[in-house]
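Have a look at the structure below before the remarks.
The values are calculated or read from the model by the stated rules, or taken from the named source; none is laboratory data. Fair warning: this is a prediction, and the values are worked out from it, not measured in the lab. Backbone-built Cβ (ideal geometry, glycine too); neighbour counts: all protein chains shown. In case anyone asks, the SASA skips ligands and DNA or RNA and just uses the protein heavy atoms, side chains included. Shrake-Rupley method; radii C 1.70, N 1.55, O 1.52, S 1.80 Å.
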Amino acid sequence: KAGVTQTPRYLIKTRGQQVTLSCSPISGHRSVSWYQQTPGQGLQFLFEYFSETQRNKGNFPGRFSGRQFSNSRSEMNVSTLELGDSALYLCASRRTERTEAFFGQGTRLTVV
Amino acid sequence: AQSVTQLGSHVSVSEGALVLLRCNYSSSVPPYLFWYVQYPNQGLQLLLKYTTGATLVKGINGFEAEFKKSETSFHLTKPSAHMSDAAEYFCAVRRSGGYQKVTFGTGTKLQVIP
């Protein structure tokens, strides 16, 4: 059974640009969550989607947005990139809202 | 509200020694508790979880954790450390019930000394 797949694995962007990250959940999983991981702030919750609806949202500015498609795949978009957005972005999927999360390997975003 | 506190951002143990990583949580309702492990430049892998039932939970790679409600703790242990256990470990909590977000601790980096 394939795990959670995140693409791309590595990304370098310039300040002011925008970026889209992709996450394909485990087959049959309907929930996708996104996290930002940095050395200073640790793992911070961005948002969670379940059946194409955003169910939870963390404390991030509106530059961070996401969506989920009917096949449960999810994308996360960050507009007007700042240097502080450099981080490992992790996606996790759950079969239902009550089960444990399985993580992808992450996308390492570097903003220069 | 819910939160997780992991005591010790870095822990060093000798190979073959007991591993003890501490986690305390706060939650206004019965929690679900998790331990994850992360290797460099990788995602998080679930080690074990507590939802309901038996308070001593066994996970992968010889790890186990005990849910102690009176102490609001969920410490992770392994009787004998192996070099391959060197990684960062995260404790996490979520409230029971639907659509609850998971809150992670700040992580503990485990160093295993040969």
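Observations on the model:
- Looking at A:G106, A:G84, A:G42, just one residue is farther than 26 Å from B:A1 by Cα, at the interface with chain B (Cβ under 9 Å from one of its Cβ atoms) and either within 12 Å of the chain's Cα centre (by Cα) or open to solvent by 10 Å² or more (accessible area, probe 1.4 Å) (or both), and that residue is A:G106.
- Residues of segment B:84-114 satisfying the condition of being open to solvent by less than 80 Å² (accessible area, probe 1.4 Å), more than 9 Å from chain A (Cβ to nearest Cβ) and not basic (K, R): B:S84, B:D85, B:A86, B:A87, B:E88, B:Y89, B:C91, B:V93, B:T108, B:L110, B:V112, B:I113
- With respect to being within 14 Å of chain B (Cβ to nearest Cβ) and either in contact with a helix residue (DSSP H, G or I) (Cβ under 9 Å, 6 or more places away or on another chain) or closer than 21 Å to B:V102 by Cβ (or both), A:E75 falls outside the description.
- Of all the criteria given as (1) surrounded by 20 or more Cβ atoms within 10 Å (Cβ to Cβ); (2) more than 14 Å from chain A (Cβ to nearest Cβ); (3) in a strand (DSSP E or B); (4) in contact with an Asp or Glu (Cβ under 9 Å, 6 or more places away or on another chain), the one not satisfied by B:F34 is (2).
- Residues of segment B:58-73 classified as within 14 Å of chain A (Cβ to nearest Cβ) and surrounded by fewer than 16 Cβ atoms within 10 Å (Cβ to Cβ), total: 1
- Strands (runs of 3 or more DSSP E) enclosed by segment B:61-114 - at least 3 residues per element that are hydrophobic (A, V, I, L, M, F, W, C) and touching a Phe, Trp or Tyr at 6+ places or on another chain (Cβ under 9 Å): B:87-95
- Subset of segment B:12-31 [open to solvent by less than 60 Å² (accessible area, probe 1.4 Å) and of a type in the set (S, T, N, Q)]: B:N24, B:S26, B:S27
- Selection status of A:F64, within 12 Å of the chain's Cα centre (by Cα), crowded, with 16+ Cβ neighbours inside 10 Å and more than 14 Å from chain B (Cβ to nearest Cβ): yes
- Residue within segment B:7-21 that is in a strand (DSSP E or B), β-branched (V, I, T) and more than 15 Å from B:N61 (Cβ to Cβ) present: yes
- Scanning segment B:37-57 turns up one or more residues that are more than 11 Å from every other protein chain (Cβ to nearest Cβ) and open to solvent by less than 40 Å² (accessible area, probe 1.4 Å).
- Just one of the numbered conditions (1) closer than 22 Å to A:Q36 by Cα; (2) in contact with a Leu (Cβ under 9 Å, 6 or more places away or on another chain) is not true of B:A1: (2).
- Against the conditions (1) open to solvent by less than 40 Å² (accessible area, probe 1.4 Å); (2) more than 21 Å from A:V32 (Cα to Cα); (3) within 14 Å of another protein chain (Cβ to nearest Cβ), B:L76 satisfies every one except (3).
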